[in-house]
């Protein structure tokens with residue numbers, strides 16, 4: 001798979017449960033943050049405008065998560081996103097979070113679908129988004 005986007009995020013106090021490890025729902029918030037940053041910074045498609053003025057939604061319709069190791073406050077997570085599939089209106093993503101020693105912490109396999117926020121029905125990706133997404137596909 002071709003790496004489409006990467007960023008780093010520090011595990012903060014607010015991410016952790018009383019045991020001092022990342023509380024699992026917070027990983028899903030981080031996952032969404034990676035996706036938004038990928039749209040804005042990687043694809044150069046303004047995510048807020050896509051949903052707001054342009055009225056396209058990108059809901060997750062499938063999500064498989066594999067928790068590998070715990071993360072603690074202060075850890076720096078390298079978050080990597082790859083496109084696994086590009087359809088007419090659906091998009092497969094694999095996102096991995098790696099810890100300080102490059103150890104794999106969590107893996108997300110996710111399917112998003114492009115929808116009209118007016119009808120809530122699937123719709124083809126807008127042309128600018130499709131063009132940006134096609135650059136993320138590994139042709140091999």
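A few comments on the model shown:
- Set 50, 81, 63: member being surrounded by 15 or more Cβ atoms within 10 Å (Cβ to Cβ), at pLDDT 95 or above, touching a helix residue (DSSP H, G or I) at 6+ places or on another chain (Cβ under 9 Å) and under 19 Å from residue 4 (Cα atoms): 81
- First in the stretch 61-88 and on the phi > 0 side of the Ramachandran plot and part of a loop (DSSP other than H, G, I, E, B), second anywhere and surrounded by 12 or more Cβ atoms within 10 Å (Cβ to Cβ) and modelled with pLDDT of 95 or more, Cβ under 8 Å, 6 or more apart: 74/11
- Being touching a residue at least 12 places away in the same chain (Cβ under 8 Å), within 22 Å of residue 135 (Cβ to Cβ) and either surrounded by 15 or more Cβ atoms within 10 Å (Cβ to Cβ) or more than 17 Å from the chain's Cα centre (by Cα) (or both) is a property that residue 20 lacks.
- Test for residue 135: is it farther than 18 Å from residue 54 by Cα, without any contact (Cβ under 8 Å) to a residue 24 or more places away in the chain, surrounded by fewer than 19 Cβ atoms within 10 Å (Cβ to Cβ) and over 13 Å from the mean Cα position of the chain (by Cα): yes
The values are calculated or read from the model by the stated rules, or taken from the named source; none is laboratory data. From a predicted model like this one, the values you see are computed outputs, not experimental measurements. All Cβ positions, glycine included, derive from the backbone under ideal geometry; neighbour counts span all protein chains shown.
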